[in-house]
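The values are calculated or read from the model by the stated rules, or taken from the named source; none is laboratory data. Note that this is a predicted model, so its numbers are computed, not measured. Neighbour counts are summed over all protein chains in view; Cβ atoms, including those assigned to glycine, are modelled from backbone coordinates with ideal geometry.
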Amino acid sequence: MPGGRAAGRARTEGVRISYPQGGSAVHRRSSGGPAATRGAVLLAAVLLAAGCSGGTDRPVAAESGPGRAAAGPSTGPGPSPSPTPAVPAGPYVALGDSYTSGLRIEPQVGEPRGCARSAVNYPSLVAKALGLAGASFRDVSCSAARTADLTGSQRTDDGANPPQLDALSADTRLVTVGIGGNDAGFMEVVGECARQNLVQSLAQSLAGSAAAAAPCRDHYASGGADQVRRKVDAAGEKLAAVLAEVRRRAPQARVFVVGYPALLPADPSACTPVLGAGVAPADLGFLGEKERELNSMLAARAAAAGAGFVDTATPSAGHDMCAGAARWVEPPFPAPGLAAVHPNAQGQQGMAAAVLRAVRG
């Protein structure tokens, strides 16, 4: 679920993308009728999105494991409470994709510029809150990153980003990892759902064919296999290997896997004014279901690796891309200068708050 370049271009899944001036898609006429027109525009907007490419805040408890404070011995008849882990004094290293880097959120800083890191992304806000700066904080996240880019060099539109794990050392005391959406191809799924609905709308307009309730779900379930779940599971295997390597390189660090914020509301009908007929309502539910599966995988892999998991979906409830001015994530037609289907500055602040609750235990 991740991105590109502050100057206006992004790389997503190996494709170079030029953003239209002002960040919105160009509307074109279609002979397929209003639904087909809206679907075509939505599809264009989604494909232009950089790839991954007020709910109730709920703190995430830090789990014990290598590099973590463990519960002390019992001193009474009942179990003693676990002591609160000390807040790391640094160094802090942030790893991740465009949801971490803060794609197109100004000001953009750091090299290479193609990684599109914002000075107000959640790692920077967390570091500031913890009083970490200079050598005590390194943000090596990069838009469009996959798990392979944590151990290998990543090419961007403006130079190469060194392997992100190279920033770790035995002295590292805090690591956040926000990765996995690109490995699971989540942005591809979003684009395919828009495409499937467009194809169906055109077929209805031209041939009067019957509409499927969830054409995208049907597409990914063809052959009896859940293709999206298969990709999510494969991404989990890669994440497990990455977390093991993080632990090897930074054995004393507290490690947190950061989940993805909610893109859609629990009630998909709330998105109709924003998305119109671009995606079938049942497919909006399907997309929400798949994002929950992605976050569940991240949480499970974090637990298996002895790392903490930062739930950003729960606090972002009510701040999805269809929530108007309260949104943390931009819709397919974003505010000028921002990246579609990516967190905005409010979203980065919300994610930072969730990380800080977890770190402070």
Determine if region 168-177 includes at least one residue that is closer than 22 Å to L294 by Cβ, surrounded by 21 or more Cβ atoms within 10 Å (Cβ to Cβ) and of a type in the set (A, V, I, L, M, F, W, C). yes
Hits in region 94-125 - residues which are in contact with a helix residue (DSSP H, G or I) (Cβ under 7 Å, 6 or more places away or on another chain), surrounded by 24 or more Cβ atoms within 10 Å (Cβ to Cβ) and in a helix (DSSP H, G or I): T100, S101, C115, Y122, P123
Please verify whether region 177-200 includes one or more residues that are part of a loop (DSSP other than H, G, I, E, B), more than 16 Å from the chain's Cα centre (by Cα) and more than 26 Å from L103 (Cα to Cα). no
Criterion: of a type in the set (A, V, I, L, M, F, W, C) and part of a loop (DSSP other than H, G, I, E, B) - qualifying residue of L338, L284: L338
Exception for G347 within (1) more than 24 Å from G96 (Cβ to Cβ); (2) touching a Lys or Arg at 6+ places or on another chain (Cβ under 9 Å) falls at (1)
Determine whether region 289-309 contains at least one residue that is under 17 Å from P123 (Cα atoms), modelled with pLDDT of 95 or more and outside any loop (DSSP other than H, G, I, E, B). yes
Would you say S136 is surrounded by fewer than 22 Cβ atoms within 10 Å (Cβ to Cβ), at pLDDT 95 or above, over 26 Å from E291 (Cβ atoms) and among the hydroxyl-bearing types (S, T, Y)? yes
Any residue at all in region 301-311 that is out of contact with any strand residue (DSSP E or B) (no Cβ under 8 Å at 6 or more places or on another chain) and crowded, with 20+ Cβ neighbours inside 10 Å? yes
What do you reckon, is G65 surrounded by 13 or more Cβ atoms within 10 Å (Cβ to Cβ) and modelled with pLDDT of 95 or more? no
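Just name the residue that is surrounded by the most Cβ atoms within 10 Å (Cβ to Cβ) out of those in region 342-361 that are part of a loop (DSSP other than H, G, I, E, B) and at pLDDT 95 or above.
H342
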Failed criterion for C142 (all others in (1) at pLDDT 90 or above; (2) part of a helix (DSSP H, G or I) hold): (2)
